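Below is one structure, written out as structure tokens, with a few remarks after it.
Coordinate-derived values only; no laboratory data. Because the structure is a prediction, the values reported are computed rather than measured. Here Cβ is always computed from backbone atoms with ideal geometry, including for glycine, and neighbour counts include all displayed protein chains.
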Amino acid sequence: MGIYERLNYGHLMTSQNPIGLYNALYNTSGTNLTACVIDARSAGNLKAEGLLTQGFIADAKTYIFQTENLDEAHFLSAVLNSEYVNLAIKPYQSQGTFGARDIHRRPFEVLPIPSYDFGNEKHKKIANLSKECHKKVKTLQSQFEGKSIGYQRGQIRKVLSGELIQVDILVKSILTEKLN
């Protein structure tokens, strides 16, 4: 396999749209599940390491869901960031030296995570809470420069604790309804 075939293994890069979509992104491994929304509609406004980019492509260590609907991306991000989902996958994660490791598709294998329902008020509320959280995090970014990712995540979760509690209640409600 040549370098370009390896980079595009299984067409995972060329199947993505680098501009014009909202991207819900989550990590494939780690102790905790972490998700976010990347807005690639204006690719020239995205920055990486202080440089403007020409689009956004997820790499091999993340899973991506691309959509034209901002609420749909935020709904999925919030569901994946909920403590309810994070705790539900723990018994199914492989264990490494420092605890739970692999996440991969476990949230979708363990729980009946629904597609975004445009008419469901709980889904809309979850999406709106995610948007609020993303706005707050954006204003805090400069405070955490040079800090470890674990430290940043802990501090951000403290700042967002009120919103995260609301998300968790709503997510638990939706997913337990689906389980029954």
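Gaussian network model of the chain, Cα springs within a sub-10 Å range: biggest mean-square fluctuation belongs to which of Leu33, Leu87, Leu164?
So, out of Leu33, Leu87, Leu164, the one fluctuating most is Leu87.
Using modelled amide H (1.01 Å from N, peptide plane; none on Pro or chain starts), what sits under 5 Å from the amide H of Ile19, excluding residues fewer than 5 places away?
Those qualifying (amide H under 5 Å, at least 5 residues apart or on another chain) are Phe56.
With a 10 Å Cβ neighbour count serving as the proxy for reagent exposure, in which order, fewest first, do Leu25, Leu140 appear?
Taking fewest neighbouring Cβ atoms as first place, the list is Leu140, Leu25.
Using a Gaussian network model on the chain with a 10 Å cutoff between Cα atoms, which of Ile169, Ile103, Ile126 fluctuates the most?
Most flexible of the set in this elastic network: Ile169.
Given Cα pairs under 8 Å that are at least 6 residues apart, what percent is the relative contact order of the chain?
It rounds to 21 percent for the chain.
Among Ser29, Asn8, Pro112, which residue has its Cα furthest toward the positive end of the charge dipole of the chain, with +1 on Lys/Arg Cβ and -1 on Asp/Glu Cβ?
Final value for the positive-end residue is Ser29.
Pull up all non-local amide H partners of Asp102: gap of 5 or more, or a different chain, and H-to-H distance under 5 Å with H placed in the peptide plane.
Gly30, Ser94
Treating only the Cβ of Lys, Arg, Asp and Glu as charged (+1, +1, -1, -1), what charge dipole size does the chain show about its Cα centre? Round to the nearest 20 debye.
In total the dipole reaches around 440 debye.
Tell me, how many Å apart are the Cα centres for the range 35-114 and for the range 151-177?
Cα centres, the range 35-114 to the range 151-177: 15 Å.
Can you figure out the FRET efficiency of Arg41 with Thr176, using R₀ = 35 Å and their beta-carbon distance, to the nearest 0.05?
For Arg41 and Thr176, the calculated efficiency is 0.50.
What's the longest bit of the chain with no exposed chymotrypsin sites (Phe, Trp or Tyr not before Pro), using DSSP loop states and at most 14 other Cβ atoms within 10 Å as the test?
No qualifying site falls inside 1-97, the longest such stretch.
Starting from the eigenvalues of the Cα gyration tensor, five times each then square-rooted, give me the equivalent ellipsoid semi-axes of the range 3-179, largest first, whole Å.
Sorted largest first and rounded, they come to 24, 20, 19 Å.
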